[in-house]
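K.L.:
Structure incoming, see below.
The values are calculated or read from the model by the stated rules, or taken from the named source; none is laboratory data. Just so you know, these numbers come straight off a predicted model, no measurement behind them. Quick reminder, even Gly has a Cβ in these numbers, built from the backbone with ideal geometry, and neighbours come from all protein chains shown. Ligands, DNA and RNA are stripped out before the accessible areas are found, and what is left, the full protein with its side chains, is counted by its heavy atoms. Shrake-Rupley method; radii C 1.70, N 1.55, O 1.52, S 1.80 Å.
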Amino acid sequence: MNIDLSPAELDFQAQVRQFLEEKLPSHYSDRVLKGLYLKKEEYIDWQKTLYQQGWAATNWPVEHGGTGWTPTQKYIWANECAEAGAPDVIPFGMKMVAPVIYTYGNDEQKERFLPDILASNVWWCQGYSEPNAGSDLASLKTTAVRDGDDYLVNGTKTWTTLGHYGDWIFCLVRTGRPEEKNQEAISFLLIDMTTPGITVSPIITLDGHREVNEVHFDNVRVPVANRVGEEGGGWTYAKVLLTHERTGIARVANSKRSLRQLKKLAAETGDGGATLMENPSFAQKITEVEFDLMALEYTELRTLAAVSTGKAPGPESSILKIKGTEVAQAIDELYVEMAGYYSLPFVKEQFEPDFAGEPVGPGMAADSAPHYFNNRKASIYGGSNEIQKNIICKAVLGL
Ligand SMILES: Cc1cc2nc3c(=O)[nH]c(=O)nc-3n(C[C@H](O)[C@H](O)[C@H](O)COP(=O)(O)OP(=O)(O)OC[C@H]3O[C@@H](n4cnc5c(N)ncnc54)[C@H](O)[C@@H]3O)c2cc1C
């Protein structure tokens, strides 16, 4: 595969670099590069900057306001953003529900929802998982019972990432009769989070932060007009959305930046008269991760090439998800090893945007353990890695 950039692609890369240099505020990139949190308004502010530039929706078709970039341009964009420390685009609206709406939604839904997603006027969250339906998602129990022009929704969704910021939530709900096959009884609903009967309660994760939530629905009235596609067709749309989600989880560009930063810090970290980078055991671990990351990058490029022909990412996205999260977690582990005892103290406040004190230990030490623990999630969400292996067995290997 030839991955040398053409003159036009080099021009594009220069344009992206100039944009990031001029428009990415350093108080955002400093925090992102240190692995620290941004506020809700800051994510929105950055996404609106992208919108003004016409670069908000890199994965949408041009007719809906997407960039129409080639896979190589998207690859350049992701790498330059990761390198510069640009905040992640929150995926739930732009990368998850939007492709479902522009693919399966009716004209009215496209007109109503897509412009606000594009302009980051509305924060979306994902209501798939339930307390007893994660890997076995089709056994979900939240019901939507028809009542005139509305559905009455009852049930609980869980692990809803940033649901406490959510203006709208897209949900899988059970609309079918109990005797219907699980998958055929599921529909895809768009629900305004301000509707009476919705409560959001926090789940505090191991790093002490509120990132995930439970969302409870108690007789929530949702217009039938907010159902995307056919009643009972939700499972098909949900699966398309998941392939988009999984491809995004690979985060190759972020791992490349993170590994490069790790190598730099290890070359500056003392280790018994030499540096940690000169420690053969540590250097070998870095080299192994580097090889895996390189192989992953080529796999991602092949998937991008397939998507550029108009296909939704297929079951190959499961391979990206598994390897991408394994590589990222291996890098996290090396950060903890490098930080040594500095990874032990946990001062939660130092990860908040308004913390004015000195962080514990040098470089990335303070964040190494919280980040390691937090990122255990990556091999669970978007469908656990074990489930992805089952998908590969069936859909790719035909076993
Ligand atoms: C931080 C975080 C954020 C999340 N955000 C969201 C969100 O915004 N919206 C949302 O809807 N969901 C979200 N999720 C939920 C996520 O998709 C589920 O946690 C995931 O699908 C696994 O489901 P579960 O937690 O119920 O685990 P379970 O399904 O109970 O699985 C438990 C263990 O058993 C294994 N296992 C289960 N079945 C099989 C099998 N058939 N073969 C082999 N192994 C199996 C799993 O791999 C896992 O290790 C999030 C999860 C996390 C951790």
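K.L.:
Under 18 Å Cα to Cα from residue 285, which aspartates and glutamates show up? Leave out anything in the same chain fewer than 8 places away.
P.N.:
Correct list for residue 285: 268, 271, 326, 332, 333, 337.
K.L.:
What's the center-to-center distance, using Cα atoms, between segment 323-351 and segment 73-99 in Å?
P.N.:
Segment 323-351 and segment 73-99 have Cα centres spaced 23 Å from each other.
K.L.:
So which of 23/348; 23/74; 39/263; 256/389; 95/377 end up more than 27 Å apart, counting from Cα to Cα?
P.N.:
23/348; 39/263
K.L.:
Calculate, for residue 42 and residue 195, the FRET efficiency according to 1/(1 + (r/R0)^6) with r their C-beta to C-beta distance and R0 25 Å; round to the nearest 0.05.
P.N.:
Efficiency, from the Cβ-Cβ distance: 0.35.
K.L.:
Right, next: Let's test this: bin the Cα-Cα distances of segment 123-234 at 10 Å from zero up to the farthest pair and state each bin's percent.
P.N.:
Per 10 Å bin, starting at zero, the Cα-Cα P(r) for segment 123-234 comes out as 16, 49, 29, 6, 0 percent.
K.L.:
Note down the nm distance, to one decimal, between modelled labels 7 Å out along Cα→Cβ at residue 70 and at residue 14.
P.N.:
Taking the two extended label points, one gets 1.7 nm.
K.L.:
Shifting gears a bit: In the neighborhood of residue 16, defined by Cβ-to-Cβ distances under 14 Å, what is the net charge if each Lys or Arg adds +1 and each Asp or Glu adds -1?
P.N.:
Net charge in that neighbourhood comes out at -3.
K.L.:
On average, how much accessible surface per residue is there in the chain, in Å², for a 1.4 Å probe, leaving out ligands, DNA and RNA?
P.N.:
Heavy-atom accessible area per residue stands at 48 Å².
K.L.:
Right, something else. If N is the number of residues in the chain, what value comes out of its Cα radius of gyration divided by 2.2 N^0.38 Å?
P.N.:
My calculation over the Cα atoms of the chain gives 1.02.
K.L.:
Let's test the formula: R0 of 35 Å, r as the Cβ-Cβ distance of residue 352 and residue 306. What FRET efficiency results, to the nearest 0.05?
P.N.:
FRET efficiency, residue 352 to residue 306: 0.25.
K.L.:
Quick one: pull the percent of accessible area on segment 123-234 belonging to carbon and sulfur, 1.4 Å probe, ligands and nucleic acids left out.
P.N.:
49 percent
K.L.:
OK, next. 222 nm [θ] for the chain, helices only, -39500 (n - 2.57) per DSSP H run of 4+, per residue, to 500?
P.N.:
It lands at -14000 deg cm²/dmol.
K.L.:
Enumerate the lysines that residue 181 could reach by cross-link, defined here as Cα to Cα under 19 Å, with residues fewer than 8 away along the same chain left out.
P.N.:
Straight-distance partners of residue 181: 141, 239.
K.L.:
Let me ask you something else. Between 84, 156, 266, whose Cα lies farthest towards the positive end of the dipole of the chain when Lys and Arg beta carbons carry +1 and Asp and Glu beta carbons carry -1, centred on the Cα centre?
P.N.:
The Cα lying farthest towards the positive end belongs to 156.
K.L.:
Which residue, 177, 31, 221, tops the fluctuation ranking in a GNM of the chain built on C-alpha contacts under 10 Å?
P.N.:
177
K.L.:
Grab the Cα-Cα distance for residue 291 and residue 62, subtract it from 0.36 nm times how many residues apart they are, and report the gain in nm with one decimal.
P.N.:
78.9 nm
K.L.:
Can you bin segment 7-89 into rounded, prolate or oblate? Criterion: square roots of the alpha carbon gyration tensor eigenvalues sorted a ≥ b ≥ c, rounded for a/c under 1.5, prolate for a/b above b/c, oblate for the rest.
P.N.:
Cα axes put segment 7-89 in the oblate bin.
K.L.:
Now, a different point. Once you have the alpha carbon radius of gyration of segment 26-172, what is it after dividing by 2.2 N^0.38 Å, with N set to its residue count?
P.N.:
Normalised Cα radius of gyration, segment 26-172: 1.17.
K.L.:
From zero outward in steps of 10 Å, how is the percent of C-alpha pairs of segment 250-396 spread across the bins?
P.N.:
That works out to 11, 33, 31, 18, 7, 0, in percent per bin.
K.L.:
Next question, about the same structure. To the nearest 20 Debye, how big is the dipole of the chain about its Cα centre, given +1 on the beta carbon of each Lys and Arg and -1 on that of each Asp and Glu?
P.N.:
640 debye
K.L.:
Run the quick spin-label model on residue 167 and residue 298: label points 7 Å from Cα toward the beta carbon, then report their separation in nm to one decimal.
P.N.:
Placing both labels 7 Å along Cα→Cβ, they lie 4.5 nm apart.
K.L.:
Give me the extension gain from residue 341 to residue 177: residue separation times 0.36 nm, minus the current Cα-Cα distance, reported in nm with one decimal.
P.N.:
Details: separation 164, 0.36 × 164 = 59.04 nm, distance 5.69 nm.
Value of the extension gain: 53.4 nm.
K.L.:
Could you rank the peptides 265-278, 90-103, 58-71 by their average count of other C-beta atoms within 10 Å per residue, with the highest value first?
P.N.:
Answer by packing, highest mean first, reads 90-103, 58-71, 265-278.
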